[in-house]
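The values are calculated or read from the model by the stated rules, or taken from the named source; none is laboratory data. Remember, predicted model here, so these are calculated numbers, not experimental data. Cβ atoms come from the backbone with ideal geometry, glycine included; neighbour counts cover every protein chain shown.
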Amino acid sequence: MGISFDEAMAQVTASGGQFEVGDAIINGAPQRVFVNAPPNLSAFFNLAPSESTFLVYEDESYTFAQVRETSAALGAALVDRYGVVKGDRVAVAMRNFPEWVISFAAITSVGAVSVSMNSWWTEDEMDFALQDCGAKVLIADDIRIDRSLAACSRLGTQIIGVRLAAVPAGVDAWNDVVVPGTPMPLVEVGPDDDATILYTSGTTGRPKGAVSTHGAIIQAMMAFSCRAAAERLRQPSEPSSTPPAFILIVPLFHVTGCVPVMLGCFAGGVKLVIMYKWDVDKALELIERERITNFVGVPTQSWDLVHSPRFAEFDTSSLRDIGGGGAPAPPALVEKVANSFAKGKPTIGYGMTETNAYGPGNRGQDYLDKPTSSGRVVPIMQIGIRGPLGEDVPIGERGEIWFKGPNLIRCYWNRPEATAETIVDGWLRSGDLGHLDDEGFIYVEDRVKDMILRAGENVYCAEVEAAIYEHPSVHEAAVFGVPHERLGEEVAAAVYVKEGGTLTLDELRTHVGVRLASFKVPTYVVFFQEALPRNASGKILKRELQRQITEV
């Protein structure tokens, strides 16, 4: 290895360069920022070469020029037909389609706020989010329209339908709305204007809308690029004639799919190959066919890739980076990835919705040397390890991980108390426990929040418990995670049935399944005929229940 991490960072962030770093006040707090950042996302959308291929989906292919032209036409429709003005919320609810990308570009270019709706949500969850954000327009596919027609009718939200077999009453078809050749309306948008709302699962049963500005998203995107530039200085790769190409294997409604993958490709002029949903054999076919260089997902997907029985059938030699984030990767997986590809290197990132996915990163030899660490950050972000009273703790000692940087969300939508609890003097409380070593590597050890991380999806125990308690036969319930080799964690529940009540596993799963997204439905359930174990203060002993299940 040639130069140190600090030396590489000093070079790429030097005065006069693309990633020059300076000081600014953001949301009332002093921050280190990339001073040459564009003012808004629209400026990024116009950087890529027009005739280069941008999106590939099934047998469809779109150049950057085609995506920009269609985005302009949709932007015009939003303003002229639906009366969308700067600051209005426009929700997007669909699986991974090219129209998702086009919608995002159109919405943010006209100064509106793109609201990402989770495709797994039930009718009730869709209803809540549409009302919470006050969406003026919903752009959705057929399944999501079915789940939101009643809510949109009640709320007065207008609907644009994407790839519909039939057009329901009250819905406008995409092709009738988007008129090719219509120019994008000119709207002045600055770095402090809101750009996105991404919903995060709530600890009290309802999700919170994390609001990000144009500036925050752009700073996160530049941070990813800055780190990549520094890593190229430290760990140069062999020259390659294969142009960069990403495969989209995570949902666009997730911050990882939206910011570092989709927006990173949009800004960098990089081909993005879209998967409708995760399928490991299909992914291997696309990696070979499209000469994919970057594979960014959750560790579960890297696991599926390298353990596929068909792995050796496909040419994966184009891959350069394999990994992502969303959960810690087992050290054995890091080594397996390192040994499975001709030139590909394992990577990991530790980001959150609240940080626009940017955070510490680990790659290549650093990752092999420290496979349990999530890595280090670029200069715009600071990491603090704090004790229970918010005090700094010494290097090596365990505490809550706090982040500070211009890439943080502005607030939680209409949740001032939650905002004040999470963002303190410009610092974001992650809710994770960990420590730093003397080289600045972060190690994530546990969570403060009562949360399960299942294949990159956050499942808050209180939300699932609230759904279980709605069943008339339930007296007590406790939800917790249990280890799972592929998914990281799986959802488990202990349920004390009321005297005289009856409840089966299938009945409970069906009951929860109509209220919450399927990934939140408990896989493992243990029924108790007596009160659940508690400590002296009356708190249910979830670790004891977890131990009982894992030992069965």
Restricted to the stretch 100-123 and to residues being at pLDDT 95 or above and out of contact with any strand residue (DSSP E or B) (no Cβ under 7 Å at 6 or more places or on another chain), the residue surrounded by the most Cβ atoms within 10 Å (Cβ to Cβ) is ALA106
Might you check whether a residue that is in a strand (DSSP E or B), over 17 Å from GLY264 (Cα atoms) and more than 23 Å from the chain's Cα centre (by Cα) occurs anywhere in the stretch 46-69? yes
Residues satisfying the stated conditions in the stretch 357-378, i.e. at pLDDT 90 or above and part of a loop (DSSP other than H, G, I, E, B): ALA357, TYR358, GLY359, PRO360, LYS370, SER373, SER374, VAL377
Taking the conditions exactly as written (outside any helix (DSSP H, G or I), exposed (fewer than 14 other Cβ atoms within 10 Å of the Cβ), at negative phi and not assigned by TED's automatic domain parsing to the domain that holds SER119), does PRO38 satisfy them or not? no
Could you grab me the full set of residues in the stretch 40-74 that are modelled with pLDDT under 95 and under 24 Å from MET381 (Cβ atoms)? ALA43, PHE44, LEU47
Within the bounds of the stretch 132-139, is there any residue that is of a type in the set (Val, Ile, Thr), more than 19 Å from the chain's Cα centre (by Cα) and either at pLDDT 95 or above or assigned by TED's automatic domain parsing to the domain that holds VAL85 (or both)? yes
Is one or more of the residues making up the stretch 76-83 surrounded by fewer than 24 Cβ atoms within 10 Å (Cβ to Cβ), assigned by TED's automatic domain parsing to the domain that holds VAL179, of a type in the set (Lys, Arg) and part of a loop (DSSP other than H, G, I, E, B)? yes
Of those in the stretch 265-277 that are in a helix (DSSP H, G or I) and surrounded by fewer than 24 Cβ atoms within 10 Å (Cβ to Cβ), the residue modelled with the highest pLDDT is CYS265
Among the residues of the stretch 219-255, count how many are within 24 Å of GLN365 (Cβ to Cβ) and either among the aromatic types (Phe, Trp, Tyr) or within 13 Å of the chain's Cα centre (by Cα) (or both). 2
If I filter the stretch 399-410 for residues that are in contact with a Cys (Cβ under 9 Å, 6 or more places away or on another chain), crowded, with 19+ Cβ neighbours inside 10 Å and not in a loop (DSSP other than H, G, I, E, B), do I get at least one hit? no
From GLU421, GLU354, GLU417, which residue is surrounded by 21 or more Cβ atoms within 10 Å (Cβ to Cβ) and assigned to a helix (DSSP H, G or I)? GLU354
So which residues in the stretch 323-332 are free of Cβ contacts under 8 Å to residues at least 60 places away in the same chain and buried (at least 24 other Cβ atoms within 10 Å of the Cβ), if there are any at all? GLY323, ALA329
Residue pairs, Cβ under 8 Å, 6 or more apart or interchain, first in the stretch 311-322 and touching a residue at least 40 places away in the same chain (Cβ under 8 Å), second among the aromatic types (Phe, Trp, Tyr). List them. ASP321/PHE295
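Is at least one residue of the stretch 37-47 of a type in the set (A, V, I, L, M, F, W, C), under 30 Å from GLN11 (Cβ atoms) and in contact with a strand residue (DSSP E or B) (Cβ under 7 Å, 6 or more places away or on another chain)? Show your work before the answer.
Just the residues of the stretch 37-47 that are of a type in the set (A, V, I, L, M, F, W, C), to begin with: 37, 41, 43-45, 47.
Restricting the remaining residues to those that are under 30 Å from GLN11 (Cβ atoms) gives 37, 41, 43-45, 47.
Within this subset, residues satisfying the condition of being in contact with a strand residue (DSSP E or B) (Cβ under 7 Å, 6 or more places away or on another chain) are 41.
Yes: one or more hits.
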Could we say that SER240 is in contact with a strand residue (DSSP E or B) (Cβ under 6 Å, 6 or more places away or on another chain) and either part of a helix (DSSP H, G or I) or not β-branched (Val, Ile, Thr) (or both) here? no
Which one of these is more than 29 Å from TYR199 (Cα to Cα) and part of a loop (DSSP other than H, G, I, E, B): LEU503, LEU545, LEU516? LEU503
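Would you confirm whether or not the stretch 33-46 contains a residue that is within 24 Å of LEU149 (Cβ to Cβ) and either touching a Gly at 6+ places or on another chain (Cβ under 7 Å) or without any contact (Cβ under 8 Å) to a residue 24 or more places away in the chain (or both)?
The answer is no; no qualifying residue exists.
Among the residues of the stretch 479-500, is any at negative phi, in a helix (DSSP H, G or I) and surrounded by 18 or more Cβ atoms within 10 Å (Cβ to Cβ)?
no
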So which of GLY396, GLY434, GLY440, GLY390 ends up being in contact (Cβ under 8 Å) with a residue 24 or more places away in the chain, assigned to a loop (DSSP other than H, G, I, E, B) and under 30 Å from PHE19 (Cα atoms)? GLY440
Is it the case, given these coordinates, that THR510 is at pLDDT 90 or above and not hydrophobic (A, V, I, L, M, F, W, C)? yes
Within the stretch 293-318, how many residues are in contact with a helix residue (DSSP H, G or I) (Cβ under 8 Å, 6 or more places away or on another chain) and more than 25 Å from GLU457 (Cα to Cα)? 7
Give the number of residues within the stretch 522-552 that are at pLDDT 90 or above and more than 20 Å from HIS475 (Cβ to Cβ). 1
